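Input: a single structure, listed below in structure tokens.
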Amino acid sequence: MVRFLPAFLACLTFTFPAVASAASLHHIESMLPAGSQLALSVQQARDGKNLAAVDDDILLPPASTQKVVTALAASLFLPEDFTFDTLVQQSGKDIVFSFSGDPTLSRKDLRLLVSALKAKGINTIRGDIWLDGTTFTGYEQAVGWPWDILGVCYSAPSSAIALERNCVQGSIYSEKGAKNTRTFIPGHQPVTVATDALAVTQEEQQAMLCDLELHYDNQNNYKLSGCLPHRTSPLPLKFAIQNPQKYVQDVLLDELKKSAIRFKGNVRIGSPEGNKTFVARHRSVPRNELLNIMLKRSDNMIADNLLKTIGQRYYNQPGSFANGAAAIKAIIKEKTSIDLNHAVIVDGSGLSRNNRMTASQLMDVIRYVYSHPDLGIMAMLPISGVDGTLKYRSSVRYAPLKQRLAAKTGSLYGSYNLAGVLKNDNGDDILVVQLVTNYHIPESDDRPANQASPITQFERELYQALLTSSLTP
């Protein structure tokens, strides 16, 4: 079951207190709600001088700031021309589709591979079709991924056999005057989505304590229940494919039919024995383009499939979350002398609630990335008010912070993190790692509608103080 909470964008002008000539870090930290925990590391980029440190040796959930660690290991280990390759091969009467975990493989790409069969004169497949995903092994969802978000696309399975980011989009309607909701899924998608969720008023939802819930099975069948307040427009939905192998099989059979290629055998998972002859290949974009997408958009599937690929290549065995995490620690230690042995790395994306890193460890990684611009990672980080996950972050999207911060964001329930570099008013680069966890606003919170949230006020005050070099203990 997954709970969907509709998000509404309100046109509000938030107010922020003016930053004083000297801003106390203690005062800024006090803006966070009671019970919150802050770990902070701030350093001058040119000489490593510590400008601020708060509990920077405490292990906390890094969330998606962990993707900088994944990006560093990938840049140090995978060749610049690395691509995820999807192959079509022939083995006797059988046809083999070999997948490498390409998180960007699209249905159009698969269609072109099917067209290549046709171009080779293969109008009938008399044997079996094999879907080979043996490059990966083990779990497709990492330990510590919460069960209640496995049905939504940012938790899509990390699988070798993957298509369309293992994600299907649809929508649900809850029109005024209707008692029941209805759903829409594009007809070409081989999934089923049903709903018995009620269409209700806001008052009815509050009285019933009712949310929209998602249930699913391993055959890519989904059901929505609970209730959804009336909406003037449909609520977009993004379902994570629960069985990527079945999804790819269903799409592939449909594409074969459209290409008038007859198929006499069965679809099998694995790799046949014997020699194979090359038919066609699809390559993803190369390493740095993948990393740019991963960091700008905070793409979990790219991060996790890169981690598994690193594990597969480093240990010369099928990639998994376990060997990928071990490989990342080993590569970074060998190449940079940064010791992450004490960190808890479970996946490449930071989605697992089991991940733990210190602000000091993340600062070591940020400092290495900053001091090695040839890696290109710093140029891939989102820029405040401009792009990626910092484009709309309320605390830094407006002047004077707009365009002054390049950082990877990280968000989980109760966690609001940033790791990157700020250009201050003196033209100096300031390296910052911020880990805020156990953040919770009481339900009784009675802030005025135009007053920003505590985390937004905290971040805006902190980064403006760093901007003007006015931060004091």
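The values are calculated or read from the model by the stated rules, or taken from the named source; none is laboratory data. Treat the numbers as computed from the prediction; the structure is a model and nothing was measured. For neighbour counting, all protein chains shown are included, and Cβ atoms are generated from backbone atoms with ideal geometry for every residue, glycine included. Only protein heavy atoms, including side chains, enter the accessible area calculation; ligands, DNA and RNA are left aside. Shrake-Rupley method; radii C 1.70, N 1.55, O 1.52, S 1.80 Å.
Can you tell me which residues in segment 1-52 are among the β-branched types (Val, Ile, Thr), modelled with pLDDT under 95 and closer than 25 Å to Asn438 by Cβ? Across segment 1-52, the qualifying residue is only Val2.
Within segment 129-171, the residues that satisfy the criterion of being more than 22 Å from Arg283 (Cα to Cα), among the polar types (S, T, N, Q) and open to solvent by 10 Å² or more (accessible area, probe 1.4 Å) are Gln141, Gln169, Ser171.
This table checks each residue for (1) touching a strand residue (DSSP E or B) at 6+ places or on another chain (Cβ under 7 Å); (2) in contact (Cβ under 8 Å) with a residue 12 or more places away in the chain; (3) at positive phi.
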| position | (1), (2), (3) |
| --- | --- |
| Ile269 | yes, yes, no |
| Glu273 | no, no, no |
| Val279 | yes, yes, no |
| His282 | yes, yes, no |
| Thr309 | yes, yes, no |
| Arg313 | no, yes, no |
| Gly319 | yes, yes, no |
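The selection criterion, being in contact (Cβ under 8 Å) with a residue 60 or more places away in the chain, open to solvent by 10 Å² or more (accessible area, probe 1.4 Å) and at positive phi, does not hold for Asn450. State whether one or more residues within segment 132-144 are among the small types (Gly, Ala, Ser), within 26 Å of Asp254 (Cα to Cα), touching a Ser or Thr at 6+ places or on another chain (Cβ under 7 Å) and modelled with pLDDT of 95 or more. Checked segment 132-144: at least one residue is among the small types (Gly, Ala, Ser), within 26 Å of Asp254 (Cα to Cα), touching a Ser or Thr at 6+ places or on another chain (Cβ under 7 Å) and modelled with pLDDT of 95 or more.
On the stretch given as segment 38-75, residues that are within 23 Å of the chain's Cα centre (by Cα) and at positive phi total 1.
Just one of the numbered conditions (1) open to solvent by less than 80 Å² (accessible area, probe 1.4 Å); (2) part of a loop (DSSP other than H, G, I, E, B) is not true of Gln219: (1).
Give segment 384-426 a look and list any residue that's among the aromatic types (Phe, Trp, Tyr) and more than 18 Å from the chain's Cα centre (by Cα), or say none.
If we filter segment 384-426 for residues that are among the aromatic types (Phe, Trp, Tyr), which is where we start, we get 392, 398, 413, 416.
Tyr398 - this is the single residue of segment 384-426 that is among the aromatic types (Phe, Trp, Tyr) and more than 18 Å from the chain's Cα centre (by Cα).
Residues are listed down the side, and each one gets a yes or a no for (1) at pLDDT below 95; (2) closer than 21 Å to Asn300 by Cα:
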| position | (1), (2) |
| --- | --- |
| Arg367 | no, no |
| Leu381 | no, yes |
| Val396 | no, no |
| Asn417 | no, yes |
| Leu435 | no, yes |
| Ala452 | yes, no |
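Applying the criterion of being among the charged types (D, E, K, R) and touching a Pro at 6+ places or on another chain (Cβ under 9 Å) to the residues of segment 377-400, the residue that is surrounded by the fewest Cβ atoms within 10 Å (Cβ to Cβ) is Lys391. With respect to the stated conditions, Met301 fails to be within 23 Å of Leu390 (Cα to Cα), of a type in the set (A, V, I, L, M, F, W, C) and out of contact with any Phe, Trp or Tyr (no Cβ under 9 Å at 6 or more places or on another chain).
Residues that are of a type outside the set (Lys, Arg), touching a residue at least 60 places away in the same chain (Cβ under 8 Å) and touching a Leu at 6+ places or on another chain (Cβ under 9 Å) within segment 390-425 comprise Ser395, Val396, Pro400, Leu401, Thr409, Gly410, Leu412, Ser415, Asn417, Leu418, Ala419, Val421, listed in sequence order. Among the residues of segment 339-361, those that are surrounded by fewer than 19 Cβ atoms within 10 Å (Cβ to Cβ) and either among the small types (Gly, Ala, Ser) or without any contact (Cβ under 8 Å) to a residue 60 or more places away in the chain (or both) comprise Asp339, Asn341, Ser360.
Please verify whether Glu213 is free of Cβ contacts under 8 Å to residues at least 60 places away in the same chain and charged (D, E, K, R), treating the condition exactly as stated. In short, no.
Exactly one residue out of Asp364, Asp374 is free of Cβ contacts under 8 Å to residues at least 60 places away in the same chain and within 14 Å of Val69 (Cβ to Cβ): that is Asp364.
Close Cβ contacts (under 7 Å, 6 or more residues apart or on different chains) running from residues in segment 63-91 that are farther than 24 Å from Leu435 by Cα and open to solvent by 10 Å² or more (accessible area, probe 1.4 Å) to residues that are polar (S, T, N, Q) and assigned to a strand (DSSP E or B) comprise Leu87/Ser98; Gln89/Ser98; Gln89/Thr277; Gln90/Thr277.
I want to confirm something. Restricting to segment 401-436 and keeping residues that are open to solvent by less than 40 Å² (accessible area, probe 1.4 Å) and either of a type in the set (Ser, Thr, Tyr) or not in a strand (DSSP E or B) (or both), which single residue is nearest to Glu459 (Cα to Cα)?
If we take residues in segment 401-436 being open to solvent by less than 40 Å² (accessible area, probe 1.4 Å) and either of a type in the set (Ser, Thr, Tyr) or not in a strand (DSSP E or B) (or both), then Leu401 is nearest to Glu459 (Cα to Cα).
Is it true that some residue in segment 240-256 is surrounded by fewer than 20 Cβ atoms within 10 Å (Cβ to Cβ), touching a residue at least 60 places away in the same chain (Cβ under 8 Å) and in a strand (DSSP E or B)? Taking every residue of segment 240-256 in turn, none turns out to be surrounded by fewer than 20 Cβ atoms within 10 Å (Cβ to Cβ), touching a residue at least 60 places away in the same chain (Cβ under 8 Å) and in a strand (DSSP E or B).
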